[in-house]
Every structure is written in C-alpha cells, then in structure tokens.
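Down below is the structure, laid out as structure tokens.
No value in this document is a laboratory result; all are computed from the given coordinates. Here the structure is a predicted model, which is why all the values come from computation and not from measurement. Cβ atoms come from the backbone with ideal geometry, glycine included; neighbour counts cover every protein chain shown.
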Amino acid sequence: MMKRKIFRYIFLCIIEMAGIVATHAQSHKHSEAVIGDTVDFIMEKQVFVNAAGIVLWQFSDYGEIEGGLRLNIKGKYFPTVEAGLGVCDKTHDETDIHYKTSAPFLRIGCDYNFMKNRKSPNRIFGGLRFGFTSFKYDMDAPPLDDPYWNDSQLDFNFRKVKGNASWCEFVFGLETKIWQHLRLGWTARYKRRLSHKTTDLGKAWYVPGYGENNGHLFTGTFNVVFSF
C-alpha cells in the first residue's frame, strides 16, 4: 500500500512538471528551433522518468523511483539532472540478515550527441554522471542459538545507521521519437564508486541511486521522455 502511494505521488509530480514545461513553452512562442543551417542555443527541454527502476522495485528486493530534467543545447550537448528515491528491503537467504532503507539521491552530468544530424529527434549519445546520496538504514537478524549452552544469544538489531556515498557513471544510450512530444530511450551505465561511509557493521548492502554496494557495477535505464 505504501509503495502505491509513493509511486502515485512521484507520478503526479512528473506529470505536473511536464505541464509546467508545456505551459512555459506555449506562453513563449518563438521562432522554430531549427532555421536553415542554424539552431537555437536551447533547442528543447525534456522531462523523463526511468520505468526500469520502478519495475525493478516492484519485482525484486530493491529499485528506484526516479526522473529527471534535460536541456538540448544546439543539438549537441545535453546537461542533465536526475533525482529520485532509492528503496531496498532485503533478507539474505543464508544469514537471515535483514537490510532496509529508503532515501533520496541526486545525479548531475552531461551527454554528447554522436549523430551528425543535429536536427534529428533520434540520438546516439554518451555521457558522464556524478551521483551522491546521504541515507539511513536498518539491519537486523533473528537470535543465534548457542549449541553449547543450549540457549539463544542476543539478537542483531540496529536502527537508523547513517551512511553516504558518491560515485560516477559512464553512460551510453539511444533515444527515438515515438509520437509528437513522446520519446523512448535506454541507457547502459558503468558505475564506479568514489567514496562511501563504513561503520563497525561494515558497508551498507545497498546504496540508493547506485545499487548493490560494490566497487563497480553495470546497470541500465529505460526512459519515457516528454520533449517540449
């Protein structure tokens, strides 16, 4: 029930953001973005949501609800801001250790369009992101039985343990126009952890916006994009 409420809230926020951008575009009529061989400095604005992160959250132990804003500068450069909520609720199959967190994250970066035709709505691009999150997590496990004394030891229970992490992402992706303002795209990402906070418990199992807390990993996104 809580997941549905969060998803509905994020979805309504994205729709509202898209409406604001559309209203701004309608109220500021100007010349076409492309005139002959010249292009405007800012050709378009984009609002997008990562559908893959939501699907992952619904069918696995963790995932992200995330969206972002992007500018198209001369059909070549695409400064981007991505933000969202990373969630995890996992119990290890062998140790029964339970890990849970829910926290926001932020990424900023820029993409470069490799296609020669800057006027085309279809793109092949690469880019870089820098991400950061500050979060709290819970860890607990059932009591352990001592076969010698034939009793149970103290259980493992920690709440609101503080953590933070930063990382970079190397991005490669495709985007294509579907209909009018609607576009679909995907990205493949190589993530490299830059820093993370450890405690006496060790490192956090999952980092919001990054994923499983390894030194590096590969992930991807599938974006639904509204362009104005």
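Couple of notes before you dig in:
- The magnitude of the dipole of the range 36-83, with charges of +1 and -1 set on the Cβ of Lys/Arg and Asp/Glu and taken from the Cα centre, is near 180 debye.
- Flagged links, alpha-carbon separation over 24 Å, of Lys45/Lys136; Lys45/Lys76; Lys45/Lys177; Lys45/Lys116: Lys45/Lys136
- Qualifying GluC sites (Glu not before Pro) for the range 62-120 [loop in DSSP, other Cβ within 10 Å: at most 15]: Glu94
- Rough spin-label spacing in nm, given labels placed 7 Å along Cα→Cβ, for Phe132 and Lys177: 3.7 nm
- Kirkwood hydrodynamic radius of the range 176-219, Cα pairs, Å: 13.1 Å
- Cα-Cα P(r), the range 85-132, percent of pairs per 5 Å interval: 5, 15, 13, 11, 11, 12, 11, 9, 7, 4, 2, 0
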